[in-house]
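**Q** Below is one structure. I have some questions about it.
Derivation of every value follows stated rules applied to the coordinates shown; laboratory data play no part. Since the model is a prediction, treat every value here as computed from it, not as a measurement. Don't worry about glycine lacking a Cβ; one is built from the backbone with ideal geometry, like all the others, and counts go over all protein chains shown.
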Amino acid sequence: MLKKIAIAVMALIGLAILVPGGPAMAQNRNTPVARIILVDFDRVSRESLVGKDIAAQMESHRVDLEKKARAIQQELKAEEEELKKQRNIISPEAFQQRVQALQRKAQAKQTEINGLGQQARRAMQQAQLEVQRVLRPIVKKIMDERGANMVMDKALVSQHAAGLDITTEVIERLDQAMPSFDVQLPKIRQEEAAAPAQ
């Protein structure tokens, strides 16, 4: 008899949970319905005027940095060749001192190149933050206009209904608000390869 009562009570509890207006439904009434819009942020970065402008500046800087690295490499190689020629002319101690000086110079130049690369990465991060500062209110305004309460990156979504992707509209508004940005890249002084020491 007690077993039958326990089963009946469990069945009533189960029904209370499932019946509309039960405790589960009371919790759902407080949860807003998700109204989602999608933005392809990678596409915004690639196709917006400011994204293209920043990418062009970074590419130009990368090319300049590579030129500088090659010039330094040629300079050091020329000095090394000249040092090899002097090996049998100067004393072993003097030769060793010059080898160590060349090694220190090579390390200093490599540190300089690495430093310029790090400065460029920081400048790129700063540029991206500035674009985000302008982009956020644009996306928020479109959210409000569409009655959306959530934005998702399109890269995280495998399928979606038509009309949810607002990327083109975001790009158009960003192009108007921020067509370019001057990335504060470190200046690279291109040096002529030094003539070998005599």
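**Q** List, largest first, the extents of the alpha carbons of region 126-177 along their principal axes, each in whole Å.
**A** 33, 23, 19
**Q** Okay, moving on. Enter the per residue convex hull volume of region 32-177, computed from alpha-carbon coordinates, in Å³ rounded to the nearest integer.
**A** In region 32-177, the Cα hull volume divided by residue count equals 143 Å³.
**Q** On to the next question. Work out from phi, with θ = phi - 60° and the Karplus expression 6.51 cos²θ - 1.76 cosθ + 1.60, the ³J(HN,Hα) of each residue of region 131-148, listed in order in whole Hz, and give x for Gly and Pro.
**A** 5, 4, 4, 7, 6, 3, x, 5, 5, 4, 5, 5, 4, 4, 4, 8, x, 8
**Q** Right, next: Neighbour counts of other C-beta atoms within 10 Å: give me 168, 31 arranged from fewest to most.
**A** The order, fewest Cβ neighbours first, is 31, 168.
**Q** Let me ask something additional. State the answer as a single residue: which of 184, 89, 118 lies farthest towards the positive end of the charge dipole of region 41-192, with beta carbon charges of +1 for Lys and Arg and -1 for Asp and Glu, about the Cα centre.
**A** 89
**Q** Want the number for residue 134 to residue 108: 0.36 nm per residue separation, take away the alpha-carbon distance, what's left?
**A** 5.4 nm
**Q** Cross-chain or 8 or more residues apart, Cα under 27 Å: how many lysine pairs in region 32-177 fit that? Count them up, please.
**A** Count of close lysine pairs: 23.
**Q** Starting with the fewest neighbours, write out 160, 61 ranked by other beta-carbon atoms found within 10 Å of each beta-carbon.
**A** Ascending number of Cβ neighbours within 10 Å: 160, 61.
**Q** Applying 1/(1 + (r/R0)^6) with R0 = 41 Å to the Cβ-Cβ distance of residue 60 and residue 156, what FRET efficiency is obtained, to the nearest 0.05?
**A** Rounded to the nearest 0.05, the efficiency is 0.80.
**Q** Follow-up question, since we're still on this one. Residue 42 to residue 77: FRET efficiency via 1/(1 + (r/R0)^6), r the Cβ-Cβ distance, R0 41 Å, to the nearest 0.05?
**A** The pair residue 42/residue 77 has a calculated efficiency of 0.50.
**Q** First measure r as the distance between the Cβ atoms of residue 169 and residue 126, then evaluate 1/(1 + (r/R0)^6) with R0 = 22 Å and state the FRET efficiency to the nearest 0.05.
**A** For residue 169 and residue 126, the calculated efficiency is 0.25.
**Q** So, one more: How many angstrom lie between the Cα centre of region 164-189 and the Cα centre of region 114-139?
**A** 11
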